[in-house]
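The structure appears below as structure tokens.
The values are calculated or read from the model by the stated rules, or taken from the named source; none is laboratory data. Everything numeric in this text was worked out from a predicted model, so none of it was measured. For neighbour counting, all protein chains shown are included, and Cβ atoms are generated from backbone atoms with ideal geometry for every residue, glycine included.
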């Protein structure tokens, strides 16, 4: 099957995933209920549930899944490390600090925007901090230094989170921890538009860098010899993927594993050229997350499991699989 | 062996480079030239500056002193993509992160011509197939690079450099870890390329094969050009013993074949006086 | 199954074990056979269900699945019913003269019993003027042990299920009494007044106070609301929101004030309800505990997805009650019920 056909198939899968996400939930709606709700006929409750609650949430889930997948694939290429995920450079840690502080200060109540803004500020701080630490050591953006800077930043932010949590009351403590576990409860059309814009822009930039990723993944020096401006590509990829991750985390909290195993899945099934891998990862992530969200809403209805719980549980057996397949290959 | 010096590919004057936080110059006052269609072999002990010189010549590092001209223009005036379209470079090491097939590897060589967005066309596919055939790796096209033997890998990487359709090939110790047959295969391939008019510049530890295949040798010693010229001129016992710090004797290749009489270096027992 | 309860409730069990009977069971088994025994036991159980052990990812996946499923099962267990307090707790502590209460509603009760002079310390949440001068020991769940012991109390009243990190054993060692209490619903309020009476030897006063509270609740209950009774959704805002179970004091106060709790099938604690379920239920009135003004809350809700589709939001039937009234179930139940009733009358209408 040609690569183009595969991508079309995956896009279809995204549509199906969104449809499933619309159909299932705490309140039972049949397919006809979903149809009526979307088209605006019939029961106003069904309309309200479908249009106002489930649709923005399903679309946001697809966008977040796509963003995390794309960012994950980029970080793996950028850091030349198959175990990299979008959070390895501390972006989610920074966002979490912002969110936890905002929730603790009691801003999370009725006004909806203070936590996202605070989270984004934290994420931006993390990005700047890592860049600063990494370029302090050397003027070039060396991979190992970048990774270590990310670890330093991540550890620092974790410490800040613990500090912030230790002061909090039970209610805000619970809210903060649930935020960190990830969830799409606060989905609104506003967040949908903003993330769609971010994802669109980032996709264009990163798809353009796809070929250079192939070369850089094969060897920095080799890529340089083939004409790739390695440092520029690195910096651009780092900023783009980090900002994209920040957007996803601000919208949905710290949903783990998606950015790690979706790129691997695509690579296992279809192979690794980034011109195909990047859009494919985006689409697979966009299909996966609405399904995971549906599970989260349905398993313990009417309560909701945090989304990060579902993705983590799916991620672990997946990893066992990947590990076995990797070690069965001839060592490089 | 042909050696046409009608056209100069590289010319350097007074090149100097010191690595940051190093205590001596890696390259000191290197003035040399490489002509079109030549096979030039860079030889010298470890740390003499061969890899550094190669990097300076392809613009991977900027010299502290001196100038390099590539095809008549200063190297600083060339863009990285421009250089990659004319010069195919094979570095010493490569550590791929993700599995690639040989075809995908060779296809990377088309990047300087395709850039970020252009889709590969018929010309690109032809270049890829041709270079794979020339390096005799077309049967390995769909195999994973990681599963190849040392010799096969070097041939695949050479195919990638050829896929760039460059004017010149620059190789940093391409035969370092190869067995006799694989090593000879590489040298034969390079000779065939030079015969077609491609300039070949490579660094090597194998003085004897360099003597048989290269048009000129450049002997580096502590960053300086200790000797330069055709093999007979460079491979002098006194010079070599000084540079390498080991007693050697230069003998003539016994033949049979066209290499009969070529200077061959033989190492002596450490206690032999020269 | 868990060994004899000691004075003042459970001491050896952790917070988690108190939360779930099945975890307590496992803990008990572990104490009996030890970790290796437990491992062998679970291995044989595993073999029974899944056949002999074969190598590879499949068994690993099965194992992971079992662990995951068990975690889900155990974690979702709710707290078991609390046992009634044992009177033996109170007997040796009659006439306590130096009391520190870590439970704010108990502090309120002590003040209401006119026994403020017996208090020697407070938590930082006790901000009433009568106790403001007392030294603070920190939080109710995590008080400073040093500050507490320095006050030399003879009775400390604390939460039943909190892990006090050695506080209780320290108190025992110092011969200081500890009374554990837990106040979830109105019955608990009356019971705790009773206990307090015994502990302070003020049983008459306590009985009178309890009677007064019962009386005011009865009066409000009799007043009622316009028919038909409104369904009232008590909303702890969040994504998803949480509500008061029917058996919590808030749920009961709603019933006393004349409303019907919207999610009558949810009993204990403060469970999550999906916004979809709220939409399907379309409650008549929404009660929100908040310190913002009613207009602010109503405004914000009309802008939030899902909420704005609720009839109650569109028609402005949102009641906002200050948080401090609804987070301390104590002797002021009567006035809280009255405030709630008046607000509901405002929103829904009085009975004829």
message: Given the criteria touching a helix residue (DSSP H, G or I) at 6+ places or on another chain (Cβ under 8 Å) and buried (at least 21 other Cβ atoms within 10 Å of the Cβ), does residue B:209 qualify?
response: no
statement: Considering region C:310-323, residues that are within 11 Å of another protein chain (Cβ to nearest Cβ) and under 24 Å from the mean Cα position of the chain (by Cα), and then whichever is farthest from residue A:53 (Cα to Cα), we arrive at C:323
field: Qualifying position, being modelled with pLDDT of 90 or more, more than 10 Å from chain B (Cβ to nearest Cβ), on the phi < 0 side of the Ramachandran plot and out of contact with any strand residue (DSSP E or B) (no Cβ under 8 Å at 6 or more places or on another chain), among A:223, A:241
entry: A:241
message: List the helices (runs of 4 or more DSSP H) inside region B:48-145, counting only whole elements, that have at least 1 residues being at negative phi, more than 12 Å from chain A (Cβ to nearest Cβ) and touching a residue at least 12 places away in the same chain (Cβ under 8 Å).
response: B:50-57, B:102-107, B:122-134
message: Given the criterion farther than 26 Å from residue A:177 by Cβ, away from every other protein chain (no Cβ under 14 Å) and not in a helix (DSSP H, G or I), identify the matching residue among C:131, C:213.
response: C:131
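Take residue A:46 and tell me if it is part of a helix (DSSP H, G or I) and within 14 Å of chain C (Cβ to nearest Cβ).
So residue A:46 passes the test.
Only one of A:277, A:215, A:195, A:209 is over 30 Å from residue B:85 (Cα atoms) and in contact with a helix residue (DSSP H, G or I) (Cβ under 7 Å, 6 or more places away or on another chain); which?
Working: A:277 fails: over 30 Å from residue B:85 (Cα atoms); A:215 fails: over 30 Å from residue B:85 (Cα atoms); A:209 fails: over 30 Å from residue B:85 (Cα atoms).
Selected residue: A:195, the only one of A:277, A:215, A:195, A:209 that is over 30 Å from residue B:85 (Cα atoms) and in contact with a helix residue (DSSP H, G or I) (Cβ under 7 Å, 6 or more places away or on another chain).
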message: Consider region C:285-309. How many of its residues are within 8 Å of chain A (Cβ to nearest Cβ) and in contact with a helix residue (DSSP H, G or I) (Cβ under 7 Å, 6 or more places away or on another chain)?
response: 6
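Per-residue answers, yes or no, for (1) within 21 Å of the chain's Cα centre (by Cα); (2) under 16 Å from residue B:34 (Cα atoms):
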position	(1), (2)
B:213	yes, yes
B:216	yes, yes
B:219	yes, yes
B:230	yes, yes
B:237	no, no
B:244	yes, no
B:250	no, no
B:266	no, no
field: Residues of region C:246-283 satisfying the condition of being surrounded by fewer than 21 Cβ atoms within 10 Å (Cβ to Cβ), in contact with a strand residue (DSSP E or B) (Cβ under 8 Å, 6 or more places away or on another chain), in a loop (DSSP other than H, G, I, E, B) and more than 9 Å from every other protein chain (Cβ to nearest Cβ)
entry: C:246, C:270
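Okay, residues lined up against (1) touching a strand residue (DSSP E or B) at 6+ places or on another chain (Cβ under 8 Å); (2) surrounded by fewer than 21 Cβ atoms within 10 Å (Cβ to Cβ):
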site: B:43; (1), (2): yes, no
site: B:47; (1), (2): no, yes
site: B:69; (1), (2): yes, yes
site: B:80; (1), (2): no, yes
site: B:85; (1), (2): no, yes
site: B:89; (1), (2): yes, no
site: B:94; (1), (2): no, yes
site: B:97; (1), (2): no, yes
query: How about region B:205-274: which helices (runs of 4 or more DSSP H) wholly inside it have at least 3 residues that are under 30 Å from residue B:64 (Cβ atoms) and modelled with pLDDT under 95?
result: B:237-244
- prompt: Is one or more of the residues making up region B:190-199 more than 13 Å from the chain's Cα centre (by Cα) and not in a loop (DSSP other than H, G, I, E, B)?
  reply: yes
- request: Name, by its number, the condition in (1) crowded, with 22+ Cβ neighbours inside 10 Å; (2) within 8 Å of another protein chain (Cβ to nearest Cβ) that does not hold for residue A:176.
  value: (2)
- prompt: From the residues in region C:134-175 that are modelled with pLDDT of 85 or more and more than 25 Å from the chain's Cα centre (by Cα), which one is farthest from residue C:97 (Cα to Cα)?
  reply: C:147
task: Return only the number of the condition from (1) out of contact with any helix residue (DSSP H, G or I) (no Cβ under 7 Å at 6 or more places or on another chain); (2) within 13 Å of another protein chain (Cβ to nearest Cβ) that residue A:59 does not satisfy.
output: (1)
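So, residue A:170, is that one within 10 Å of chain C (Cβ to nearest Cβ), free of Cβ contacts under 8 Å to residues at least 24 places away in the same chain and out of contact with any strand residue (DSSP E or B) (no Cβ under 8 Å at 6 or more places or on another chain) or not?
Taking the combined requirement at face value, the residue satisfies it.
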field: Lone unmet requirement of (1) away from chain C (no Cβ under 14 Å); (2) surrounded by fewer than 21 Cβ atoms within 10 Å (Cβ to Cβ); (3) in a helix (DSSP H, G or I) for residue A:211
entry: (2)
- request: Kindly provide the set of residues from region C:225-245 that are more than 14 Å from chain A (Cβ to nearest Cβ) and out of contact with any helix residue (DSSP H, G or I) (no Cβ under 9 Å at 6 or more places or on another chain), ordered by number.
  value: C:227, C:228
- request: Just give me the residues in region A:179-205 being more than 8 Å from every other protein chain (Cβ to nearest Cβ) and within 17 Å of residue C:242 (Cα to Cα), in sequence order.
  value: A:179, A:184
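Is it fair to say residue A:251 is part of a helix (DSSP H, G or I) and either surrounded by fewer than 20 Cβ atoms within 10 Å (Cβ to Cβ) or away from chain C (no Cβ under 14 Å) (or both)?
For residue A:251, the condition - part of a helix (DSSP H, G or I) and either surrounded by fewer than 20 Cβ atoms within 10 Å (Cβ to Cβ) or away from chain C (no Cβ under 14 Å) (or both) - is not met.
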